[in-house]
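Chemist: One structure follows; several queries about it will come next.
The values are calculated or read from the model by the stated rules, or taken from the named source; none is laboratory data. Keep in mind the model is a prediction, meaning the values are calculated, not measured. Here the Cβ positions follow ideal geometry from the backbone for every residue, glycine too, while neighbour counts run over all protein chains shown. Only protein heavy atoms, including side chains, enter the accessible area calculation; ligands, DNA and RNA are left aside. Shrake-Rupley method; radii C 1.70, N 1.55, O 1.52, S 1.80 Å.
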Amino acid sequence: MTDSPNTSATGIQLIANQSLQFANPVAGIQMAVLPIAGAAWIDTDDGVVVIDTLIGERAARQMFERIKGQIKYIIYTHGHLDHVGGTAALMRDSPVVIASDYLPDRLDSYKMLAQHRARISAQQFNLPEDPERFAGSLQRVVYPTETFIGTRTISLGNRTFELRTARAETDDVCWVWIPELKAAFIGDR
């Protein structure tokens, strides 16, 4: 494979450097979207809940600039880097980070297998292989402060967040239902 000017960076850099798009698909829901990564935030009367954090801190900082309230919770839908990679940029308010009980094990295995994961990612996304950069990205990932299995409900201000773990694309899935908005957040679309 010959590197073109567009593939001189690692996969994470390329995706994180894509143009971040913002949307407000439903009143009360804000979204930040990259080609393979997305995040959402929901404003409540008592603070903000963020669901997923994009692939890197650069994009997450751009999202953070648009968030008006204090982030109280960050919820991970699963442990792929395009869902948890930007969290460090959102930690100013020391939010509670919630995920499935299985998610920390996924992150640990990514660190242990960083060289192999870098090769897989390079092949999957047709990008240069860079194990050091991949391992470095993993060092900045924020582990959840609280984990659970089954069902958990969070009430914040005028919103209810019903979290449910599942086994789907990965074994560490957590999907979110907000009944007041009639909205489900399932991670990958």
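Chemist: Accessible area per residue, 1.4 Å probe, Å², for the chain: what's the number? Intermediate values should be presented prior to the final figure.
Modeler: Working: 9320 Å² over 189 residues.
The answer is 49 Å² per residue.
Chemist: Computed on alpha carbon atoms, what radius of gyration and Dmax characterise the chain, expressed in Å?
Modeler: Taking only Cα atoms of the chain, I get Rg and Dmax of 16.3, 53 Å.
Chemist: A follow-up question, please. Would you calculate the convex hull of the Cα atoms in segment 56-131 and tell me its volume per residue in Å³? Walk me through the numbers on the way to the answer.
Modeler: Working: hull volume 8.0 nm³, N = 76.
Spelled out: Cα convex hull of segment 56-131, divided by residues, is 105 Å³.
Chemist: Kindly work out what percent of the DSSP beta bridges joining two residues of the chain are antiparallel, to the nearest 5.
Modeler: Details: 28 of 38 bridges.
Bridges in the chain that DSSP calls antiparallel: roughly 75 percent.
Chemist: List the trypsin sites (Lys or Arg not before Pro) in segment 80-170 that DSSP assigns to loop (not H, G, I, E or B) and whose Cβ has at most 16 other Cβ atoms within 10 Å. Which are they? Spell out each step's value before the answer.
Modeler: Details: sites: ARG92, ARG106, LYS111, ARG117, ARG119, ARG133, ARG140, ARG152, ARG159, ARG164, ARG167; in loops: ARG92, ARG140, ARG167.
Hits after loop and neighbour filter: ARG92, ARG140, ARG167.
Chemist: What nm distance separates the two modelled labels at ARG58 and ALA88, each placed 7 Å from Cα along Cα→Cβ?
Modeler: If labels sit at ARG58 and ALA88, their model points lie 1.4 nm apart.
Chemist: Let me ask something additional. If segment 99-189 were replaced by its equivalent ellipsoid, with semi-axes equal to the square roots of 5 times the Cα gyration tensor eigenvalues, what would those be, largest first, whole Å? Before the final figure, lay out each step's value.
Modeler: Details: eigenvalues 192, 42, 28 Å².
Largest first, segment 99-189 gives 31, 14, 12 Å.
Chemist: Would segment 113-155 count as rounded, prolate or oblate if I go by the C-alpha gyration tensor, calling it rounded below 1.5 in a/c and otherwise prolate when a/b exceeds b/c, oblate otherwise?
Modeler: Details: a/c = 3.59, a/b = 2.43, b/c = 1.47.
Here segment 113-155 falls in the prolate category.
Chemist: In whole percent, and with a 1.4 Å probe on the protein chains, what portion of the accessible area of the chain is carbon and sulfur? Before the final figure, lay out the partial values.
Modeler: Numbers: 4410 of 9320 Å².
It is 47 percent, rounded to a whole number.
Chemist: Give me the lysines in straight-line cross-link reach of LYS182: C-alpha distance below 23 Å, same-chain residues under 8 apart excluded.
Modeler: LYS68, LYS72
Chemist: Please give every one of the lysines within straight-line cross-link reach of LYS111, meaning a C-alpha to C-alpha distance under 27 Å, and leave out same-chain neighbours fewer than 8 residues apart.
Modeler: Here the lysines satisfying the reach criterion relative to LYS111 do not exist.
Chemist: A further question on this structure: Quick check on the chain: helices-only [θ] at 222 nm, where DSSP H runs of length 4 and up contribute -39,500 (n - 2.57) each and the sum goes over total residues. Nearest 500, please.
Modeler: Values: 6 runs with 51 residues, N = 189.
Here the helix-only value at 222 nm equals -7500 deg cm²/dmol.
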